[in-house]
1. What whole-number value in Å² describes the accessible area per residue of segment 92-168 for a 1.4 Å probe?
2. If you take the Cα Rg of segment 95-153 and divide it by 2.2 N^0.38 Å, with N the number of residues, what do you get?
3. With a Förster radius of 25 Å, plug the Cβ-Cβ distance of T27 and I53 into 1/(1 + (r/R0)^6) and report the FRET value to the nearest 0.05.
4. Find the relative contact order for the chain and round it to a whole percent, using C-alpha pairs within less than 8 Å whose residues are 6+ positions apart.
5. Restricting to Cα pairs below 8 Å that are 6+ residues apart, what does the relative contact order work out to for segment 1-84? Please round to a whole percent.
6. On the full set of protein chains, 1.4 Å probe, figure out the accessible area of V7 and give it in Å² to the nearest 10.
7. Output ³J(HN,Hα) for segment 98-115: one whole-Hz value per residue in order, computed from phi by the Karplus curve 6.51 cos²θ - 1.76 cosθ + 1.60 with θ = phi - 60°, and x for Gly and Pro.
8. Out of the trypsin sites (Lys or Arg not before Pro) in segment 32-125, which ones are loop residues according to DSSP with at most 13 other C-beta atoms within 10 Å?
Amino acid sequence: DINLAIVEANHFIKEKRGEEILDGINTLIAKNPKNVNLLLIKGSIHDNITSKIKNETKDAALQSKYDANIASAEEAYQRVLAIESDNIFALFNLGILYYNKGVVVNNNAAEITDKKKYLEQSSKANIEFEKAYPLLEKAFQKQPEDKQIKQVLNQIYAILKMDDKVRK
């Protein structure tokens with residue numbers, strides 16, 4: 001039963017044990033490719049994995065794991081948005097995924113002493129912030145009272161020098 005699997009999956013995610021059920025979720029998605037709840041769960045599991053290792057991206061193996069999980073989470077959230085373009089959870093989670101990726105790239109860039117390489121990395125970070133911006137804008141339009149969305153958007157506005165957009 002899918003509903004039981006969703007309840008169980010959410011429990012595992014809350015316990016930070018989502019990896020344990022990822023194969024089962026993928027099997028259910030293969031049978032139910034348009035089930036947004038299963039896709040959101042898959043995205044959340046991969047998202048949680050990236051959160052655990054985002055500060056360890058200088059290790060090549062962990063960088064590879066980080067990149068693979070970012071790609072899997074991104075793909076799951078994009079599939080949700082292809083089915084439900086205004087799904088608040090997918091808009092928010094994908095926007096935050098891009099934002100966090102930009103933060104990781106920015107943090108790594110801060111340690112670079114060569115100006116050209118620094119600017120290159122800083123530019124890559126801004127690309128992620130630019131990808132996050134429209135998703136979080138749309139999420140904010142759906143939930144204008146959400147303080148977390150507003151806070152992240154204001155941070156993106158500051159980073160991208162969009163001072164006219166800052167929300168009080």
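The values are calculated or read from the model by the stated rules, or taken from the named source; none is laboratory data. Nothing here was measured: the structure is a model prediction, and the numbers come from that model. Cβ placement follows ideal geometry from the backbone for every residue including glycine, while neighbour counts extend to all protein chains displayed. SASA here: full protein model, heavy atoms, side chains in, ligands and nucleic acids out. Shrake-Rupley method; radii C 1.70, N 1.55, O 1.52, S 1.80 Å.
1. Using a 1.4 Å probe on heavy atoms only, each residue of segment 92-168 averages 60 Å².
2. This ratio for segment 95-153 stands at 1.29.
3. 0.50
4. Across the chain, relative contact order equals 15 percent.
5. 29
6. 100
7. 5, 4, 4, 4, x, 5, 4, 5, 4, 4, 5, 5, 4, 8, 8, 8, 6, 4
8. Taking segment 32-125 and a limit of 13 other Cβ atoms within 10 Å, the loop trypsin sites (Lys or Arg not before Pro) found are K34, K58.
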